[in-house]
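The values are calculated or read from the model by the stated rules, or taken from the named source; none is laboratory data. Note that the coordinates shown come from a computational prediction; the quantities given were computed from them, not determined experimentally. Every residue, glycine as well, gets a Cβ built from its backbone with ideal geometry; the counts of neighbours run over all protein chains shown.
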Amino acid sequence: MQYGLRGQQLGIALSLGLGGCDDNGAGVEVMNPLTNPQDGPRAGNPDGACEIPAEAGLADTSMPRTIVGTGTAQSCTADAFVAAVAAGGVITFDCGPDPVTITLDRPAKIVNDTGPEIVIDGGGLVTLSGAGKTRILYMNTCDQAQVWTTPNCNNQDHPRLTVQNLTMIDGNSSGETEFDGGGAIWVRGGRFKLVNTRFFNNRCADEGPDVGGAAVRVLDQYEDQEVYVVNSTFGGADGFGNSGSNGGGLSSIGVSWTIINSLFSHNSAVGVGANPAMPGTPGGGSGGAIYNDGNTMTLSICGTRIEDNRVNAHGSAIFFVTNDRTGNVVIDRSVITRNTGGTWYDTYPQISSHGDTPIDVTDSVIE
C-alpha cells in the first residue's frame, strides 16, 4: 500500500559523484564513492533528492588541528588516531592515495574542552575498524574523566562533533555496561552530526529492553536540537548490516533526528521480549533501523530508504515511543519496504508507535 503520494512516486535519480556542497549546504555528496572495504555499498541513498540545510552540510576542514598520517598507509595508526581525537579540533588524514583501514584496540574518546568544534573527516578514503572487539568513538559531556566543562553537562552547546566522509566497521560495544549501546559511536551531550558516513557490521549488546544503537547511540543534545544524519548508509546490503538488541542503525532517548538522503537496510534488532521486558525474557528486539524513546522529540525522514531490516518485537523499520505523547514523526519522499518481524503496527506497517502519535507522510511509499 502507498501512503501520502502526491504525483509521481519517489524515484528521482541523482548523478553519482558530481556533488559538493554549495553555499546553502545543498547537494552534499561523496566525491569518492567510498569503495572500500571492500565492495561495500556507497554512502547515502542514490535516489534521495531532499534539500540539505546549511547547518547539516559538510563541516569546514581547511584548517585542521591534526593530520593523521604522513602520506602512507603505515603512518595512519590507531595510536595516532586516538591521540588526534583526544587533541580535538579539526582532524583529517594523509594516508596516501588509496583507501586505508585503521584498526583500533580501544575507542577514541573526545575530550570535552578541546573544541568547541570537533570534526573527523576521512576524506572518502578512511575506514575505522573496531575489529569486532571495541567501540570506535565515544563522546560524553557528563563523563568527568573526559573533562566536565559546565555545571549542566547534559545540556551544553559543546563539543559540536561532526563525523564525515568515513566508514566505520566491526565496532562492538557489547562488553560495555555503564555506557551501553552504540557499537560504533556513543554520544551524550553537546551537538552531533553525521555526513557521508557508512556503518557496516557494528554490534552492541544483543539483549536488554532499552540498550541499542548497533551503529550509533545518542543522548542529551543541547536544547533538544536535532541530530542530522545526511547521505549516510547503515548496512546497505546483505552481509553489511548492523545488529543489536534494539535499533539496528540508530538508538536514542529523548533525542530528535533529521535524516536526509540516507539508507538503512539489512540491520537487525535481535533482542527478545520488548520494553518493558516480558516475563521470562531479557527484553529488546525493537527498531530494525531506528529506535526512538523519550518525550518531546521529532523523527524527520526525507529522501531515505529503509528496507530489509528485521526485528523480533516491534517496529521492523521504526520504533518511536513518545511517553508523554508530545513527539511526532515526519516522513517525506522516502521508501519504507520489506522490513520484517514484530507486531504493534496500528497506524502504518513497519512503524510501531502509540496510536495518537502524529505521523505526517508525504510523497512516500510505505508497503
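Regarding region 92-107, can at least one residue be identified that is in contact with a strand residue (DSSP E or B) (Cβ under 9 Å, 6 or more places away or on another chain), surrounded by 14 or more Cβ atoms within 10 Å (Cβ to Cβ) and at positive phi?
Yes, there is a match, as at least one residue in region 92-107 is in contact with a strand residue (DSSP E or B) (Cβ under 9 Å, 6 or more places away or on another chain), surrounded by 14 or more Cβ atoms within 10 Å (Cβ to Cβ) and at positive phi.
Could you check region 80-102 and list, in sequence order, the residues that are of a type outside the set (A, V, I, L, M, F, W, C) and either part of a loop (DSSP other than H, G, I, E, B) or at pLDDT 95 or above (or both)?
If the condition is that a residue be of a type outside the set (A, V, I, L, M, F, W, C) and either part of a loop (DSSP other than H, G, I, E, B) or at pLDDT 95 or above (or both), then G88, G89, T92, D94, G96, P97, D98, P99 are the ones that fit.
Just one of D206, D210 is surrounded by fewer than 21 Cβ atoms within 10 Å (Cβ to Cβ) and at pLDDT below 95; which is it?
D210
Please enumerate the residues belonging to region 137-152 that are free of Cβ contacts under 8 Å to residues at least 60 places away in the same chain and either among the β-branched types (V, I, T) or assigned to a loop (DSSP other than H, G, I, E, B) (or both).
D143, V147, W148, T149, T150, P151, N152
Mind listing whichever residues of region 280-293 are assigned to a loop (DSSP other than H, G, I, E, B) and either crowded, with 24+ Cβ neighbours inside 10 Å or among the aliphatic types (A, V, I, L, M) (or both)?
G285, G287, G288, A289
Scan region 239-252 for residues that are in contact (Cβ under 8 Å) with a residue 40 or more places away in the chain, more than 21 Å from F192 (Cα to Cα) and either surrounded by fewer than 24 Cβ atoms within 10 Å (Cβ to Cβ) or of a type outside the set (S, T, Y) (or both) and jot them down.
Those that are in contact (Cβ under 8 Å) with a residue 40 or more places away in the chain, more than 21 Å from F192 (Cα to Cα) and either surrounded by fewer than 24 Cβ atoms within 10 Å (Cβ to Cβ) or of a type outside the set (S, T, Y) (or both): F240, G241, S243, G244.
Pairs needed: first member in region 50-72, more than 17 Å from T162 (Cα to Cα); second member anywhere, modelled with pLDDT of 95 or more and not in a loop (DSSP other than H, G, I, E, B); C-beta distance under 6 Å; at least 6 residues apart or different chains.
Filtered contacts from region 50-72: C50/I260; C50/C302; G69/S75; G69/F93.
For A131, are the conditions met, namely being modelled with pLDDT under 95 and in contact with a strand residue (DSSP E or B) (Cβ under 7 Å, 6 or more places away or on another chain)?
Here the answer is yes, as A131 does meet what is asked.
Which of the residues that make up region 209-234 are closer than 19 Å to G294 by Cβ, among the hydroxyl-bearing types (S, T, Y) and in a strand (DSSP E or B)?
The answer is Y228, and nothing else.
Can you work out which of the residues in region 320-367 that are within 21 Å of the chain's Cα centre (by Cα) and among the basic types (K, R) is surrounded by the fewest Cβ atoms within 10 Å (Cβ to Cβ)?
So, considering only residues that are within 21 Å of the chain's Cα centre (by Cα) and among the basic types (K, R), the one surrounded by the fewest Cβ atoms within 10 Å (Cβ to Cβ) is R338.
Scan region 342-353 and report the pairs whose first residue is without any contact (Cβ under 8 Å) to a residue 24 or more places away in the chain and whose second residue is surrounded by 24 or more Cβ atoms within 10 Å (Cβ to Cβ), with Cβ atoms within less than 7 Å and a gap of 6+ or a chain change.
Listed by first residue and then by second, the contacts come to Y345/I351; Y345/S352; T347/S353.
Across region 253-310, what is the total count of residues that are free of Cβ contacts under 8 Å to residues at least 24 places away in the same chain and not aliphatic (A, V, I, L, M)?
Adding up the residues that qualify gives 3.
Among (1) under 17 Å from the mean Cα position of the chain (by Cα); (2) of a type in the set (D, E); (3) under 22 Å from G236 (Cβ atoms), which single condition is D293 missing?
(3)
So in region 160-173, with the set limited to residues that are in contact (Cβ under 8 Å) with a residue 60 or more places away in the chain and either of a type in the set (V, I, T) or in a loop (DSSP other than H, G, I, E, B) (or both), which one is surrounded by the most Cβ atoms within 10 Å (Cβ to Cβ)?
Among those that are in contact (Cβ under 8 Å) with a residue 60 or more places away in the chain and either of a type in the set (V, I, T) or in a loop (DSSP other than H, G, I, E, B) (or both), it is T167.
Taking region 144-159 as the search range and keeping residues that are farther than 16 Å from A84 by Cα and touching a strand residue (DSSP E or B) at 6+ places or on another chain (Cβ under 8 Å), which one is surrounded by the most Cβ atoms within 10 Å (Cβ to Cβ)?
That would be H158.
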